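Below is one structure, written out as C-alpha coordinates; comments come after it.
The values are calculated or read from the model by the stated rules, or taken from the named source; none is laboratory data. Since we're looking at a predicted model, the values are computed, not measured. We place every Cβ from the backbone using ideal geometry, glycine too, and count neighbours over all the protein chains shown. Just so you know, the surface numbers come from the protein's heavy atoms only, side chains and all, with ligands and any DNA or RNA stripped out. Shrake-Rupley method; radii C 1.70, N 1.55, O 1.52, S 1.80 Å.
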Amino acid sequence: MSTLLEKAAARPRALAQSELAALLAWPDAKELFAAAYEVKSREVGRAVSFRGLIECGNVCEKNCLYCGIRKGNSKVHRYRMDAGEILREAEWAFKAGYGSLVLQSGEMTGEAHTAFIEDVLKRIHAFGGEAFGVTLSLGEQTEATYRRWRDAGAHRYLLRIETSNPELYARLHPADHSWSRRLECLRALRGCGYQVGSGVMAGLPGQTLDDLAADIMFFAEEDVDMIGMGPYIPHADTPLGHGVPWTPQAAAERLELGLRMIAATRLHLHDVNIAAATALQALDPEGREKGLLAGANVIMPNVTDVAYRADYQLYAGKPCLNENSTLCRGCLERRIAAIGETVNWNVRGDSPHWRKR
Ligand code: SAH
Ligand code: SF4
(Lines give C-alpha, C1' and ligand atoms only; values in the text may rest on other atoms or scores of the structure.)
(Ligands and ions follow the chains in the order given, each with its own letter.)
Protein backbone atom coordinates (compact mmCIF):
# COMPACT_ATOMS: atom_id res chain seq x y z
CA MET A 1 0.00 0.00 0.00
CA SER A 2 1.28 3.50 -0.72
CA THR A 3 2.50 5.76 2.07
CA LEU A 4 -0.46 8.15 1.81
CA LEU A 5 -3.02 5.33 2.15
CA GLU A 6 -1.01 3.89 5.05
CA LYS A 7 -0.87 7.27 6.75
CA ALA A 8 -4.64 7.72 6.40
CA ALA A 9 -5.40 4.21 7.66
CA ALA A 10 -3.08 4.44 10.67
CA ARG A 11 -4.63 7.45 12.38
CA PRO A 12 -7.94 9.33 12.02
CA ARG A 13 -7.92 12.90 10.75
CA ALA A 14 -4.28 12.63 9.73
CA LEU A 15 -4.56 14.18 6.28
CA ALA A 16 -4.24 17.72 4.97
CA GLN A 17 -6.77 19.01 2.44
CA SER A 18 -4.28 18.60 -0.42
CA GLU A 19 -3.76 14.95 0.59
CA LEU A 20 -7.52 14.36 0.60
CA ALA A 21 -7.67 15.83 -2.91
CA ALA A 22 -4.91 13.38 -3.88
CA LEU A 23 -6.99 10.49 -2.49
CA LEU A 24 -10.04 11.64 -4.45
CA ALA A 25 -7.94 11.57 -7.62
CA TRP A 26 -6.19 8.30 -6.68
CA PRO A 27 -5.10 6.60 -9.94
CA ASP A 28 -6.13 3.10 -8.82
CA ALA A 29 -9.73 3.30 -7.58
CA LYS A 30 -9.72 -0.36 -6.51
CA GLU A 31 -6.73 0.22 -4.25
CA LEU A 32 -8.44 3.29 -2.72
CA PHE A 33 -11.67 1.38 -2.05
CA ALA A 34 -9.80 -1.59 -0.57
CA ALA A 35 -7.90 0.66 1.85
CA ALA A 36 -11.15 2.33 2.95
CA TYR A 37 -12.81 -1.08 3.35
CA GLU A 38 -10.01 -2.21 5.63
CA VAL A 39 -10.48 0.84 7.85
CA LYS A 40 -14.25 0.34 7.89
CA SER A 41 -13.88 -3.36 8.81
CA ARG A 42 -11.58 -2.48 11.67
CA GLU A 43 -13.48 0.57 13.01
CA VAL A 44 -17.17 -0.24 12.49
CA GLY A 45 -17.21 -3.87 11.33
CA ARG A 46 -18.52 -5.58 8.23
CA ALA A 47 -22.15 -5.22 9.24
CA VAL A 48 -24.75 -2.87 7.80
CA SER A 49 -27.23 -0.81 9.82
CA PHE A 50 -30.62 -0.10 8.27
CA ARG A 51 -32.70 3.03 8.63
CA GLY A 52 -36.21 2.66 7.22
CA LEU A 53 -36.85 5.80 5.17
CA ILE A 54 -40.31 7.38 5.30
CA GLU A 55 -40.81 10.14 2.76
CA CYS A 56 -43.51 11.91 4.79
CA GLY A 57 -44.36 14.62 2.30
CA ASN A 58 -43.11 16.55 -0.70
CA VAL A 59 -44.48 19.99 0.16
CA CYS A 60 -41.47 22.29 0.39
CA GLU A 61 -41.12 25.97 1.19
CA LYS A 62 -37.71 26.14 -0.49
CA ASN A 63 -36.50 26.36 -4.03
CA CYS A 64 -33.05 24.72 -4.23
CA LEU A 65 -32.12 24.90 -7.91
CA TYR A 66 -31.21 21.19 -8.18
CA CYS A 67 -34.12 19.50 -6.41
CA GLY A 68 -37.09 17.85 -8.11
CA ILE A 69 -39.58 18.74 -5.36
CA ARG A 70 -38.58 22.41 -5.09
CA LYS A 71 -41.49 24.75 -4.52
CA GLY A 72 -41.25 26.15 -8.05
CA ASN A 73 -41.75 22.78 -9.79
CA SER A 74 -45.41 22.96 -10.72
CA LYS A 75 -45.36 19.47 -12.28
CA VAL A 76 -45.14 17.78 -8.88
CA HIS A 77 -48.27 16.28 -7.38
CA ARG A 78 -47.97 17.36 -3.74
CA TYR A 79 -48.82 15.12 -0.78
CA ARG A 80 -48.47 15.05 2.99
CA MET A 81 -48.91 11.82 4.90
CA ASP A 82 -51.20 11.87 7.90
CA ALA A 83 -50.05 10.62 11.29
CA GLY A 84 -51.70 7.21 10.81
CA GLU A 85 -49.80 6.59 7.57
CA ILE A 86 -46.44 7.57 9.08
CA LEU A 87 -47.06 5.44 12.17
CA ARG A 88 -48.07 2.42 10.09
CA GLU A 89 -44.81 2.58 8.14
CA ALA A 90 -42.77 3.26 11.26
CA GLU A 91 -44.27 0.21 12.92
CA TRP A 92 -43.58 -1.89 9.84
CA ALA A 93 -39.89 -0.87 9.96
CA PHE A 94 -39.75 -1.62 13.69
CA LYS A 95 -41.27 -5.08 13.27
CA ALA A 96 -39.04 -5.77 10.26
CA GLY A 97 -36.06 -5.39 12.61
CA TYR A 98 -34.66 -2.26 10.99
CA GLY A 99 -33.68 -0.82 14.38
CA SER A 100 -34.09 2.76 13.22
CA LEU A 101 -36.06 5.11 11.06
CA VAL A 102 -35.62 8.32 9.07
CA LEU A 103 -38.48 10.78 8.67
CA GLN A 104 -37.71 12.95 5.66
CA SER A 105 -39.72 15.57 3.79
CA GLY A 106 -39.60 18.88 2.02
CA GLU A 107 -38.96 21.77 4.37
CA MET A 108 -42.02 23.03 6.23
CA THR A 109 -42.07 25.42 9.16
CA GLY A 110 -44.69 26.80 11.53
CA GLU A 111 -46.39 25.72 14.72
CA ALA A 112 -48.90 23.32 13.14
CA HIS A 113 -46.10 21.35 11.43
CA THR A 114 -43.86 21.41 14.51
CA ALA A 115 -46.68 20.10 16.69
CA PHE A 116 -47.64 17.46 14.12
CA ILE A 117 -44.10 16.02 14.02
CA GLU A 118 -43.86 16.26 17.81
CA ASP A 119 -47.03 14.19 18.18
CA VAL A 120 -45.84 11.59 15.65
CA LEU A 121 -42.49 11.30 17.46
CA LYS A 122 -44.17 10.71 20.81
CA ARG A 123 -46.34 7.99 19.29
CA ILE A 124 -43.32 6.30 17.67
CA HIS A 125 -41.50 6.48 20.98
CA ALA A 126 -44.48 4.84 22.69
CA PHE A 127 -43.96 1.57 20.76
CA GLY A 128 -40.26 1.80 19.85
CA GLY A 129 -38.80 3.23 23.05
CA GLU A 130 -35.16 4.29 23.29
CA ALA A 131 -33.98 1.17 21.49
CA PHE A 132 -35.57 2.28 18.20
CA GLY A 133 -33.47 5.05 16.63
CA VAL A 134 -35.32 7.96 15.06
CA THR A 135 -33.56 10.30 12.64
CA LEU A 136 -35.14 13.45 11.30
CA SER A 137 -34.32 15.02 7.94
CA LEU A 138 -36.77 17.90 7.88
CA GLY A 139 -34.52 20.81 6.96
CA GLU A 140 -33.79 24.12 8.66
CA GLN A 141 -35.83 24.88 11.77
CA THR A 142 -35.53 27.11 14.84
CA GLU A 143 -33.54 25.84 17.79
CA ALA A 144 -36.77 25.71 19.81
CA THR A 145 -38.30 23.35 17.24
CA TYR A 146 -35.23 21.13 17.18
CA ARG A 147 -35.41 20.97 20.99
CA ARG A 148 -39.09 20.04 21.03
CA TRP A 149 -38.52 17.23 18.53
CA ARG A 150 -35.50 15.98 20.49
CA ASP A 151 -37.57 15.97 23.69
CA ALA A 152 -40.34 14.09 21.86
CA GLY A 153 -37.98 11.20 21.07
CA ALA A 154 -35.83 11.98 18.00
CA HIS A 155 -32.19 10.89 18.37
CA ARG A 156 -30.47 12.01 15.21
CA TYR A 157 -30.78 14.74 12.63
CA LEU A 158 -29.50 14.74 9.08
CA LEU A 159 -28.93 18.14 7.50
CA ARG A 160 -26.61 18.19 4.53
CA ILE A 161 -24.55 21.32 4.14
CA GLU A 162 -24.75 20.44 0.40
CA THR A 163 -21.30 21.98 -0.20
CA SER A 164 -18.84 23.49 2.28
CA ASN A 165 -18.06 26.22 -0.25
CA PRO A 166 -20.40 29.19 0.45
CA GLU A 167 -19.85 30.64 -3.05
CA LEU A 168 -20.79 27.40 -4.74
CA TYR A 169 -23.79 27.13 -2.37
CA ALA A 170 -24.90 30.60 -3.46
CA ARG A 171 -24.83 29.52 -7.12
CA LEU A 172 -27.06 26.51 -6.38
CA HIS A 173 -29.73 28.33 -4.39
CA PRO A 174 -31.94 31.41 -4.66
CA ALA A 175 -30.64 34.50 -2.87
CA ASP A 176 -32.84 34.02 0.20
CA HIS A 177 -31.31 30.58 0.97
CA SER A 178 -28.37 30.96 3.33
CA TRP A 179 -25.30 28.78 3.80
CA SER A 180 -24.52 30.44 7.17
CA ARG A 181 -28.02 29.72 8.42
CA ARG A 182 -27.58 26.06 7.49
CA LEU A 183 -24.32 25.96 9.44
CA GLU A 184 -26.02 27.62 12.44
CA CYS A 185 -28.71 24.93 12.27
CA LEU A 186 -26.06 22.17 12.35
CA ARG A 187 -24.52 23.72 15.44
CA ALA A 188 -27.92 24.20 17.10
CA LEU A 189 -28.65 20.51 16.53
CA ARG A 190 -25.46 19.56 18.32
CA GLY A 191 -26.45 21.88 21.20
CA CYS A 192 -29.81 20.10 21.47
CA GLY A 193 -28.10 16.74 21.98
CA TYR A 194 -28.74 15.11 18.60
CA GLN A 195 -26.35 12.78 16.89
CA VAL A 196 -25.58 15.08 14.00
CA GLY A 197 -25.33 14.06 10.38
CA SER A 198 -24.36 16.14 7.41
CA GLY A 199 -23.21 15.62 3.87
CA VAL A 200 -22.81 17.02 0.41
CA MET A 201 -23.61 16.27 -3.18
CA ALA A 202 -20.66 15.22 -5.32
CA GLY A 203 -20.45 16.19 -8.97
CA LEU A 204 -22.22 19.56 -8.76
CA PRO A 205 -21.62 21.91 -11.69
CA GLY A 206 -18.56 24.05 -10.97
CA GLN A 207 -17.43 21.86 -8.05
CA THR A 208 -13.75 20.87 -7.96
CA LEU A 209 -11.90 18.02 -6.23
CA ASP A 210 -10.51 20.68 -3.89
CA ASP A 211 -14.07 21.62 -2.94
CA LEU A 212 -14.80 17.96 -2.16
CA ALA A 213 -11.59 17.64 -0.13
CA ALA A 214 -12.68 20.78 1.77
CA ASP A 215 -16.07 19.11 2.38
CA ILE A 216 -14.32 16.23 4.17
CA MET A 217 -12.29 18.72 6.22
CA PHE A 218 -15.60 20.41 7.08
CA PHE A 219 -17.06 17.10 8.37
CA ALA A 220 -13.99 16.76 10.62
CA GLU A 221 -14.11 20.36 11.86
CA GLU A 222 -17.82 20.15 12.67
CA ASP A 223 -17.14 16.75 14.25
CA VAL A 224 -20.21 15.14 12.67
CA ASP A 225 -21.29 11.65 13.77
CA MET A 226 -22.79 10.51 10.51
CA ILE A 227 -22.43 11.34 6.85
CA GLY A 228 -25.18 11.12 4.26
CA MET A 229 -23.78 12.14 0.91
CA GLY A 230 -24.29 11.08 -2.65
CA PRO A 231 -23.81 11.96 -6.26
CA TYR A 232 -25.69 14.93 -7.66
CA ILE A 233 -28.10 13.67 -10.32
CA PRO A 234 -29.69 16.24 -12.63
CA HIS A 235 -33.50 16.42 -12.58
CA ALA A 236 -34.97 17.68 -15.87
CA ASP A 237 -37.67 19.82 -14.22
CA THR A 238 -35.20 21.98 -12.29
CA PRO A 239 -33.21 25.07 -13.31
CA LEU A 240 -29.91 23.24 -12.71
CA GLY A 241 -30.81 19.97 -14.40
CA HIS A 242 -32.89 21.16 -17.35
CA GLY A 243 -31.42 20.07 -20.68
CA VAL A 244 -28.37 18.36 -19.16
CA PRO A 245 -27.48 15.46 -21.48
CA TRP A 246 -27.56 12.06 -19.76
CA THR A 247 -25.41 9.17 -20.95
CA PRO A 248 -24.32 5.86 -19.40
CA GLN A 249 -20.82 7.33 -19.24
CA ALA A 250 -22.05 10.36 -17.27
CA ALA A 251 -23.82 8.00 -14.85
CA ALA A 252 -20.67 5.87 -14.42
CA GLU A 253 -18.53 8.95 -13.75
CA ARG A 254 -20.95 10.29 -11.15
CA LEU A 255 -21.09 6.91 -9.47
CA GLU A 256 -17.32 6.65 -9.28
CA LEU A 257 -16.99 10.14 -7.82
CA GLY A 258 -19.62 9.28 -5.18
CA LEU A 259 -17.69 6.13 -4.26
CA ARG A 260 -14.38 8.00 -4.10
CA MET A 261 -15.97 10.49 -1.69
CA ILE A 262 -17.14 7.64 0.56
CA ALA A 263 -13.69 6.05 0.53
CA ALA A 264 -11.78 9.28 1.21
CA THR A 265 -14.21 10.20 4.01
CA ARG A 266 -13.81 6.77 5.64
CA LEU A 267 -10.04 7.03 5.36
CA HIS A 268 -10.04 10.44 7.05
CA LEU A 269 -12.77 10.05 9.71
CA HIS A 270 -12.53 6.29 10.50
CA ASP A 271 -15.37 5.72 13.01
CA VAL A 272 -18.37 7.73 11.77
CA ASN A 273 -21.46 6.22 10.19
CA ILE A 274 -21.50 6.69 6.42
CA ALA A 275 -24.61 5.98 4.36
CA ALA A 276 -24.54 4.39 0.93
CA ALA A 277 -27.08 6.83 -0.52
CA THR A 278 -29.98 5.67 -2.65
CA ALA A 279 -28.71 8.05 -5.35
CA LEU A 280 -25.86 5.52 -5.88
CA GLN A 281 -28.47 2.88 -6.71
CA ALA A 282 -30.15 5.29 -9.12
CA LEU A 283 -26.91 5.26 -11.13
CA ASP A 284 -26.18 1.55 -10.88
CA PRO A 285 -28.41 -1.32 -9.63
CA GLU A 286 -25.46 -2.40 -7.46
CA GLY A 287 -24.56 1.14 -6.43
CA ARG A 288 -25.32 0.68 -2.74
CA GLU A 289 -23.29 -2.54 -2.47
CA LYS A 290 -20.42 -0.74 -4.18
CA GLY A 291 -20.86 2.01 -1.58
CA LEU A 292 -20.53 -0.56 1.22
CA LEU A 293 -17.38 -1.94 -0.40
CA ALA A 294 -15.94 1.59 -0.61
CA GLY A 295 -16.42 2.21 3.12
CA ALA A 296 -20.10 2.95 3.83
CA ASN A 297 -21.91 1.05 6.63
CA VAL A 298 -25.51 2.33 6.56
CA ILE A 299 -28.36 1.81 4.10
CA MET A 300 -31.71 3.56 4.11
CA PRO A 301 -34.26 1.16 2.63
CA ASN A 302 -37.36 2.98 1.49
CA VAL A 303 -40.42 1.98 3.55
CA THR A 304 -42.71 4.64 2.05
CA ASP A 305 -45.99 3.36 0.66
CA VAL A 306 -45.45 2.77 -3.08
CA ALA A 307 -48.45 5.04 -3.78
CA TYR A 308 -46.29 8.04 -2.81
CA ARG A 309 -42.86 7.06 -4.08
CA ALA A 310 -43.17 8.49 -7.59
CA ASP A 311 -44.17 11.87 -6.15
CA TYR A 312 -40.97 12.10 -4.09
CA GLN A 313 -38.32 12.38 -6.78
CA LEU A 314 -35.45 14.64 -5.77
CA TYR A 315 -33.40 13.45 -8.76
CA ALA A 316 -33.93 11.45 -11.96
CA GLY A 317 -33.96 7.64 -12.01
CA LYS A 318 -35.08 6.98 -8.43
CA PRO A 319 -35.06 3.19 -7.90
CA CYS A 320 -37.69 0.84 -6.36
CA LEU A 321 -40.69 2.98 -7.34
CA ASN A 322 -42.91 -0.08 -7.57
CA GLU A 323 -41.24 -2.43 -5.13
CA ASN A 324 -43.02 -2.70 -1.82
CA SER A 325 -41.13 -2.66 1.47
CA THR A 326 -41.29 -6.44 2.03
CA LEU A 327 -39.73 -7.09 -1.38
CA CYS A 328 -37.03 -4.48 -0.67
CA ARG A 329 -36.15 -6.11 2.64
CA GLY A 330 -35.60 -9.57 1.13
CA CYS A 331 -33.73 -8.20 -1.87
CA LEU A 332 -31.39 -6.15 0.31
CA GLU A 333 -30.61 -8.96 2.70
CA ARG A 334 -29.57 -11.18 -0.24
CA ARG A 335 -27.46 -8.44 -1.78
CA ILE A 336 -25.65 -7.79 1.48
CA ALA A 337 -25.00 -11.48 2.06
CA ALA A 338 -23.62 -11.70 -1.48
CA ILE A 339 -20.81 -9.27 -0.61
CA GLY A 340 -20.01 -11.17 2.60
CA GLU A 341 -21.54 -8.72 5.08
CA THR A 342 -24.29 -9.11 7.67
CA VAL A 343 -27.14 -6.88 8.85
CA ASN A 344 -27.33 -5.33 12.32
CA TRP A 345 -30.94 -6.38 12.97
CA ASN A 346 -32.93 -4.76 15.79
CA VAL A 347 -30.24 -2.37 16.97
CA ARG A 348 -30.09 1.40 16.72
CA GLY A 349 -26.66 1.32 15.08
CA ASP A 350 -25.25 4.51 16.60
CA SER A 351 -21.92 5.63 15.19
CA PRO A 352 -18.93 4.52 17.26
CA HIS A 353 -17.69 8.10 16.98
CA TRP A 354 -20.75 9.37 18.86
CA ARG A 355 -20.48 6.63 21.48
CA LYS A 356 -16.86 7.53 22.18
CA ARG A 357 -17.66 11.22 22.65
N1 SAH B 1 -35.74 19.13 2.72
C2 SAH B 1 -34.75 18.50 3.52
C3 SAH B 1 -34.68 16.99 3.32
C4 SAH B 1 -35.06 16.46 1.97
S5 SAH B 1 -33.93 16.81 0.68
C6 SAH B 1 -33.39 19.12 3.26
O7 SAH B 1 -33.20 19.73 2.21
O8 SAH B 1 -32.52 18.98 4.13
C9 SAH B 1 -32.62 15.65 1.07
C10 SAH B 1 -31.37 15.80 0.24
O11 SAH B 1 -31.63 15.46 -1.11
C12 SAH B 1 -30.80 17.19 0.14
O13 SAH B 1 -30.04 17.52 1.27
C14 SAH B 1 -29.97 17.11 -1.14
O15 SAH B 1 -28.59 16.90 -0.86
C16 SAH B 1 -30.51 15.87 -1.85
N17 SAH B 1 -30.88 16.17 -3.24
C18 SAH B 1 -31.79 17.08 -3.68
N19 SAH B 1 -31.77 17.14 -5.03
C20 SAH B 1 -30.82 16.26 -5.45
C21 SAH B 1 -30.33 15.90 -6.75
N22 SAH B 1 -30.79 16.44 -7.86
N23 SAH B 1 -29.35 14.94 -6.78
C24 SAH B 1 -28.89 14.36 -5.66
N25 SAH B 1 -29.31 14.69 -4.44
C26 SAH B 1 -30.27 15.63 -4.32
FE1 SF4 C 1 -36.78 21.38 -0.42
FE2 SF4 C 1 -34.81 19.83 0.61
FE3 SF4 C 1 -35.41 19.83 -2.04
FE4 SF4 C 1 -34.25 22.00 -1.00
S5 SF4 C 1 -33.36 19.92 -1.13
S6 SF4 C 1 -36.00 22.00 -2.41
S7 SF4 C 1 -35.19 22.03 1.02
S8 SF4 C 1 -36.71 19.13 -0.38
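So the values come out like this:
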{"item": "Region 21-63: chymotrypsin sites (Phe, Trp or Tyr not before Pro) in DSSP coil with no more than 12 other Cβ atoms inside 10 Å", "result": "none"}
{"item": "Packing-based ranking, highest mean first, of 8-17, 190-199 given that Cβ atoms within 10 Å are counted", "result": "190-199, 8-17"}
{"item": "Farthest toward positive dipole pole in the chain [+1 Lys/Arg, -1 Asp/Glu at C-beta], among 53, 99, 269", "result": "99"}
{"item": "By accessible area with a 1.4 Å probe, ligands and nucleic acids excluded, highest first: order of 208, 135", "result": "208, 135"}
{"item": "Extreme residue, positive dipole direction of the chain, given options 186, 353, 21 (C-beta unit charges)", "result": "353"}
{"item": "Region 167-204 and region 94-140: distance between their alpha carbon centers, rounded to Å", "result": "20 Å"}
{"item": "Residue among 131, 202, 275 with the largest mean-square fluctuation in a Gaussian network model of the chain, springs linking Cα atoms under 10 Å", "result": "131"}
{"item": "Those GluC sites (Glu not before Pro) in region 211-254 that DSSP places in a loop and that have at most 16 other beta carbons within 10 Å", "result": "222"}
{"item": "Ellipsoid semi-axes in whole angstrom, largest first, where each is sqrt(5λ) of the Cα gyration tensor of region 262-327", "result": "25, 11, 10"}
{"item": "Difference of contour (0.36 nm per residue) and Cα-Cα distance, residue 109 to residue 10", "result": "31.2 nm"}
{"item": "Student exercise, the chain dipole from Lys, Arg, Asp, Glu Cβ charges, in Debye to nearest 20", "result": "480 debye"}
{"item": "Rounded to 5, percent antiparallel among DSSP beta bridges of the chain", "result": "5 percent"}
{"item": "Reciprocal mean inverse distance between Cα atoms of the chain - Kirkwood radius, Å", "result": "20.3 Å"}
{"item": "Highest-first arrangement of 163-172, 227-236, where packing means the average Cβ count within 10 Å", "result": "227-236, 163-172"}
